Amino acid sequence: MNILPDYIKSSCFSEYDILKKVVLCQPDFMTIREPINETQKQYLKENIDTDLAKKQHKIFVETLQENGIEVMLLPPAEKFPEQVFTRDIGFTLGNQVFVAEMAHDVRKGEERPFIDWLEKEKITYTNLIGDKIEGGDVLVDRNTIYVGVSNRTNENAIQHLQSLLPSFDVIAIPFTDTYLHLDCVFNIISPNDALIFPGELDEEKERLISSRYNLIEVSKEEQATLGTNVLSIGEKRVISLPINKQVNKKLRDRGYHVIEVDITEIIKSGGAFRCCTLPILREQEK
């Protein structure tokens with residue numbers, strides 16, 4: 001294992017290296033006030049059982065800690081019902097942390113507690129003021145960054161990101177507006193494998209991706225329960241929902257250790273494990 005020196009406080013060069021430090025936020029005030037995605041529309045009447053969501057999130061945090069991952073918890077605020085989805089407020093690319101500007105009114109302001117934590121930890125960051133770009137649309141694999149073009153992330157922001165990261169190849173990936181973020185339909189889980197809900201990406205870009213990865217297809221039923229939105233924590237360990245049995249079997253058949261955690265109450269708001277985690281530090285395997 002490549003042990004990072006203490007002075008490196010942030011480093012992420014992939015979606016699958018060994019996760020060492022990650023930012024989460026408890027769903028203390030999680031509720032669907034105004035539906036901002038298709039999943040939330042389905043659950044608006046039923047809404048979220050906050051107590052159950054908190055219990056499930058606690059087990060998820062404990063699972064991360066049991067696997068040697070340092071979990072940093074941001075303070076939840078009543079005015080931010082979507083704060084559990086920390087992935088969107090920022091992202092670590094290489095050794096740089098970026099803070100996103102949230103696109104939707106219900107999420108604007110979530111960046112502040114994250115900035116406060118970065119400053120407390122003395123982690124330098126770049127604040128992407130004026131850029132509409134959210135972490136659910138951003139995936140990194142060594143010197144390549146894939147960025148979804150969505151309702152939350154626009155082409156101008158992607159071009160700006162490329163100018164800030166000249167040593168990376170930033171590839172824009174348009175996809176259908178049915179889904180909120182790129183990681184709802186595409187997720188890289190190793191140097192060779194990626195999960196995909198086929199037919200949603202731009203055709204040319206889907207061909208490019210299929211030339212680079214063995215694509216593990218997720219069914220329509222399991223996309224609805226966010227089968228693509230697993231979290232890779234390194235050494236072929238993947239955290240996934242127990243209900244996504246087909247995805248989990250396909251992963252196990254390919255040699256992955258699937259750690260099943262139930263956060264079905266949280267996914268009613270439109271995000272799963274990747275959405276709930278903001279990696280700050282990953283260590284590259286040998």
*Condition broken by Ile89, with the remaining ones in (1) without any contact (Cβ under 8 Å) to a residue 40 or more places away in the chain; (2) within 29 Å of Ser167 (Cα to Cα) satisfied*: (1)
*Got a sec? Which helices (runs of 4 or more DSSP H) wholly within the stretch 196-254 have at least 2 residues that are under 18 Å from the mean Cα position of the chain (by Cα)?*
220-224
*asked:* What's the total number of residues in the stretch 227-246 that are farther than 18 Å from Gly68 by Cα, open to solvent by less than 10 Å² (accessible area, probe 1.4 Å) and of a type outside the set (Val, Ile, Thr)?
replied: 4
*Hey, Ile173 within 25 Å of Ile18 (Cα to Cα) and open to solvent by less than 10 Å² (accessible area, probe 1.4 Å) or not*: no
_Qualifying residues in the stretch 126-157 (those that are more than 17 Å from the chain's Cα centre (by Cα) and open to solvent by less than 70 Å² (accessible area, probe 1.4 Å)) - the one modelled with the lowest pLDDT_ = Gly130
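The values are calculated or read from the model by the stated rules, or taken from the named source; none is laboratory data. On a predicted model such as this, the values are computed, not experimentally measured, just so you know. Here the Cβ is made from the backbone with ideal geometry for all residues, glycine too, and neighbour counts use every protein chain on show. Accessible surface is based on the protein model in full, side chains and every heavy atom, while ligands, DNA and RNA are left aside. Shrake-Rupley method; radii C 1.70, N 1.55, O 1.52, S 1.80 Å.
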